[in-house]
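Structure first, then comments.
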Amino acid sequence: MVVSEIKRYIITVTGIVQGVGFRPFVFRTAKRLQLKGWVENHGSSVVIDVEGKEVSIREFTYIIQNEYPNNASIFGFQMKSETLLGYSDFSIKASCTEDNTANFLPTDIAVCESCLKEFNTPGNKRYQYPFISCTNCGPRYSIINRLPYDRETTYMSEFKMCSQCISEYSTPSNRRFHAQTNCCSECGPELKLLDAQGNVVNSSDCVNLAKQLIYQGKIIAVKGIGGYHLCCNAEDSATVQRLRKLKHRPDKPLAVMTRSIESVYKICNVSKKEREILTGTKKPILLLGKKFPEYLPQDIAPNQSKIGIMLPYAPLQFLLFPDGIDYLVMTSGNISGSPICYQDDVAVKSLGNVAEYFFIHNREIAVPVDDAVVKVVDEHEVLVRCGRGYAPLTIPIETENKFLAVGAEQKCSVCITENGFATVSQYIGDLKEYQTYRVFIRQI
């Protein structure tokens, strides 16, 4: 090979490019095209140092900009020619930090179809493991403490991978190559069932016990991706009424989680666009038109023509449905007007008079994120409440000025502009509540 045919470029990619499998994608693409160099997380960007034939680098840059992972978004792409260094291979380098850059934080991603297939396959290492994930799915924003996004900068740092998980993490052809949330039942988070006072309920199978309790009409506080939900059988009118009374929520609609998309069609009218949103990677609460006569108790959404529906988005949620029950109330784990609970001790203290049991795990939540609420208007998706799967929402804007926008008092969220981007936080809550104000200050 003639040396003059070989070129070297430094490529900087900005956008949602961390926590979405971007580095493994770059690595595999470079190896396939026989390019040399490295890729790393740099601040909130990805930097690529690549050497190879000019024609191969052109193909490489085209693929990077047009065939990137589904959960990624590219806002900037810069290339700079550099002097050859003569790399012998292509690698993923350790991440480094950078100040004064726009922060592109990855959103939480609903469990993917590949993980669900493993989750439902008896004999698989992760069969019914409630924290199964890969580079294409799992918690991101809710567990990250700082950028760059690496296991060490998230609450997954407390769980050291077993030898098999390390092998998956280190194998380029594996779906879990550099998956920062990679874990299994041998090395990952674990579940516990507590009573209303926070005492551990001894059980050899706390998952089945939780399902039995829901079937019996109990209210359970379930620790999810971005906080706690209050969960009960949505088909049991007496239990729903009791939840309303204890939560101090007499009239506002309650969100419902359905076992499957087929269950949604049984109770709601669903357009093609609405189905697309329900089954996508964000899995928000979607406001859908009810079918009449109503199948579920009217107490779910009294005097409303629409009802908030979502499908399970975390593996744990698939384990909650008792046999014969397709609908669960899955409402925010808080007392009406207060922020969503996300810390275990606070949840037991705040929700102990509502929930009869707590279904928890030992992975901490860094950022509380309530479920997003959306609706479809004229075949367009409209975000009603920014939350899990959408937050933080990054919007390019034509200004380099720095602004902080807050409000409103009853429906508070935060927006910060910097380096030509506006970043909108998740819905926080009513600032009249002191705990909400504390979350608001922490969010800024």
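The values are calculated or read from the model by the stated rules, or taken from the named source; none is laboratory data. The structure displayed is predicted, hence computed values, not measured ones. So basically every Cβ, Gly included, is an ideal-geometry build from the backbone, and we count neighbours across all protein chains shown.
Can you say whether R126 is among the basic types (K, R), touching a helix residue (DSSP H, G or I) at 6+ places or on another chain (Cβ under 6 Å), outside any strand (DSSP E or B) and surrounded by 15 or more Cβ atoms within 10 Å (Cβ to Cβ), as far as the supplied structure shows? Walk me through how you get there before you give the answer.
Details: among the basic types (K, R): yes; touching a helix residue (DSSP H, G or I) at 6+ places or on another chain (Cβ under 6 Å): yes; outside any strand (DSSP E or B): yes; surrounded by 15 or more Cβ atoms within 10 Å (Cβ to Cβ): yes.
The answer is yes for R126.
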Restricting the range 1-37 to residues that are within 30 Å of A391 (Cα to Cα) and in a strand (DSSP E or B), the one nearest to the chain's Cα centre (by Cα) turns out to be I16
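Wholly within the range 232-326, which helices (runs of 4 or more DSSP H) include no fewer than the required count, namely at least 2 residues that are in contact (Cβ under 8 Å) with a residue 40 or more places away in the chain and closer than 30 Å to K192 by Cβ? Working first, answer last.
Working: elements: 237-247, 261-267, 272-278, 315-318.
Where helices (runs of 4 or more DSSP H) fall fully within the range 232-326 and carry at least 2 residues being in contact (Cβ under 8 Å) with a residue 40 or more places away in the chain and closer than 30 Å to K192 by Cβ, they are 237-247, 315-318.
Here is a yes/no grid of residues against (1) in a loop (DSSP other than H, G, I, E, B); (2) of a type in the set (V, I, T); (3) in contact with a Pro (Cβ under 9 Å, 6 or more places away or on another chain); (4) modelled with pLDDT of 90 or more:
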site	(1), (2), (3), (4)
K375	no, no, no, yes
L383	no, no, yes, yes
E400	yes, no, no, no
L404	no, no, no, yes
Q426	yes, no, yes, yes
R438	no, no, yes, no
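For every residue, the table says whether it meets (1) under 25 Å from the mean Cα position of the chain (by Cα); (2) outside the structural domain of T29 (by TED's automatic domain parsing); (3) touching a residue at least 60 places away in the same chain (Cβ under 8 Å).
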residue	(1), (2), (3)
K53	no, no, no
P69	yes, no, yes
M79	no, no, yes
I109	yes, yes, yes
C112	yes, yes, yes
E118	yes, yes, no
In the range 1-23, the residues that are modelled with pLDDT of 95 or more and either farther than 14 Å from P69 by Cα or out of contact with any strand residue (DSSP E or B) (no Cβ under 7 Å at 6 or more places or on another chain) (or both): K7, R8, Y9, I10, I11, T12
Which ones in the range 387-444 are at positive phi and buried (at least 17 other Cβ atoms within 10 Å of the Cβ)? G389, G429
Go through the range 237-281 and report how many residues are of a type in the set (D, E, K, R) and surrounded by 21 or more Cβ atoms within 10 Å (Cβ to Cβ). 2
Please state which of the following conditions F75 fails to meet, knowing it meets all the rest: (1) in contact with a Pro (Cβ under 8 Å, 6 or more places away or on another chain); (2) in a loop (DSSP other than H, G, I, E, B); (3) surrounded by fewer than 20 Cβ atoms within 10 Å (Cβ to Cβ). (2)
Within the set of pairs 6+ apart or on separate chains, which have a first residue in the range 174-189 that is closer than 14 Å to R126 by Cα, a second that is among the acidic types (D, E) and modelled with pLDDT of 95 or more, and C-beta atoms under 7 Å apart? R176/E168; N182/E168
Residue ID - farthest from the chain's Cα centre (by Cα), chosen from residues in the range 136-161 that are among the β-branched types (V, I, T) and either modelled with pLDDT of 95 or more or assigned to a strand (DSSP E or B) (or both): T154
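Which residues, taken from the range 149-167, are crowded, with 22+ Cβ neighbours inside 10 Å and either in the same structural domain as Q343 (by TED's automatic domain parsing) or under 21 Å from V39 (Cα atoms) (or both)?
So in the range 149-167, the residues crowded, with 22+ Cβ neighbours inside 10 Å come out as 149, 154, 156.
Y149, T154 - these are the residues of the range 149-167 that are crowded, with 22+ Cβ neighbours inside 10 Å and either in the same structural domain as Q343 (by TED's automatic domain parsing) or under 21 Å from V39 (Cα atoms) (or both).
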Give the residues of the range 352-367 that are among the charged types (D, E, K, R) and closer than 26 Å to P392 by Cβ, sorted by residue number. R363, E364
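Quick one: is V414 assigned to a strand (DSSP E or B), in contact with an Asp or Glu (Cβ under 7 Å, 6 or more places away or on another chain) and within 30 Å of Q317 (Cβ to Cβ)?
On the way: assigned to a strand (DSSP E or B): yes; in contact with an Asp or Glu (Cβ under 7 Å, 6 or more places away or on another chain): no; within 30 Å of Q317 (Cβ to Cβ): yes.
It is false that V414 is assigned to a strand (DSSP E or B), in contact with an Asp or Glu (Cβ under 7 Å, 6 or more places away or on another chain) and within 30 Å of Q317 (Cβ to Cβ).
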